[in-house]
1. Out of these labelled values of semi-axes √(5λ) of the Cα gyration tensor in Å, (i) 63, 15, 13; (ii) 52, 22, 12; (iii) 47, 17, 15, which was calculated from the coordinates shown here?
2. Could you pull the Rg and Dmax for the range 65-203, using just the Cα atoms, both in Å?
3. Can you give me the long-range amide H partners of residue 139? Hydrogens built in the peptide plane at 1.01 Å from N, cutoff under 5 Å, separation of 5 or more residues or another chain.
4. Taking only Cα atoms, what is the 0 to 90° angle, nearest 10, from helix 2-17's long axis to the longest principal axis of the chain?
5. Return 243, 220 ranked ascending by Cβ neighbour count within 10 Å, so the fewest neighbours appear first.
6. Apply the Karplus curve 6.51 cos²θ - 1.76 cosθ + 1.60, θ = phi - 60°, to the phi angles in the range 129-140 and return the couplings in whole Hz, x for Gly and Pro.
7. Only residues of the range 221-265 count here: report those whose backbone N is under 17 Å from the spot 7 Å along Cα→Cβ of residue 278, or say none.
8. Among 80, 94, which comes first, second and so on when ranked by fewest other beta-carbon atoms within 10 Å?
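Derivation of every value follows stated rules applied to the coordinates shown; laboratory data play no part. Note that this is a predicted model, so its numbers are computed, not measured. Don't worry about glycine lacking a Cβ; one is built from the backbone with ideal geometry, like all the others, and counts go over all protein chains shown.
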Amino acid sequence: MKQLSILCLMLHFQALSAATIESATSGNWNLGTTWVNGIVPMTGDDVVVVAGHTVSFSDARSCASLTVNGTLNANTGGILTQSGSTTIAGILNLNGGALDFSQVFNLGGSCNITSSTYNFGSGGGFTGSGTVTASGGTTNFNAGSSLSTNLTLSGGILNDNIGLSPNAVTLSNGTYGGTGNPSFTSLNWSGTTITGSGTVTVSGSLTSVGNFRRALSGSKELHIGGAASFTGSAGIQMSGTAKVTVLSGGSFGSAFGTISGTASNSFEVLAGGEVSFVSGTGSIA
């Protein structure tokens, strides 16, 4: 009987010890002053980073669910393990630190990958109306991962080895590689090299504005299913065995741009597709 009472007391204590803990101000995760009532979150606690607050961590931390309405900085050395769901309505900065990426994050705000190497595998990824931005380091989306948010690549390397399905995509710098067959709702392509193997399909608008040709290399294929517009001397420089195909219902328009490659490359227009050059050249040597 006494043992049963002790067990009940322990279970009651554990139930009371788990709580929802909100940030009180900006600060480091490990400081009591950062949190309401001075209580640093522990395993089993639901954590909320309040809008307007910036919380940073650079050591091992754990919690149940995580809701970020403000800003959370995962700095080098930091590892956060969440046993519950993760919702990012504000900003998550991955600055060399990590979270538990074995779940799909609900992203209504932004996730910024600035450095280091991040691997998203089985069960991991992002969903929602927010934007994942990679500006440095190497980000790998491997088998079992997913991304259905907006995507921006402004630096570093992003390897898509699964075939992601983001909404609006902006490729302004860095390298988009991998072996997957991604499908983009729309693409603003202003500087990133697209390489690797597989096929990138753009079902909606593809825009490329500015100087210089965009690099398409490796054995990557670009399938254009919507309206593609290259203006201001923007064009495509193919290498390797890269290929561009304008699908039925798709169109490719170039003003002053140049499409170039070698005998190993090709530019194909399927029945029902359209191509127009206001000026510029198309050359597969």
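1. For semi-axes √(5λ) of the Cα gyration tensor in Å, the calculated option is (iii).
2. 13.8, 40
3. 118, 157, 158, 159
4. So the inclination is approximately 50 degrees.
5. Fewest to most other Cβ atoms nearby, the residues stand as 243, 220.
6. 9, x, 9, 9, 10, 9, 10, x, x, 10, 10, 10
7. It comes to 227-236, 251-259, nothing else.
8. Numbers: 80 21, 94 25.
By the 10 Å Cβ count, ascending: 80, 94.
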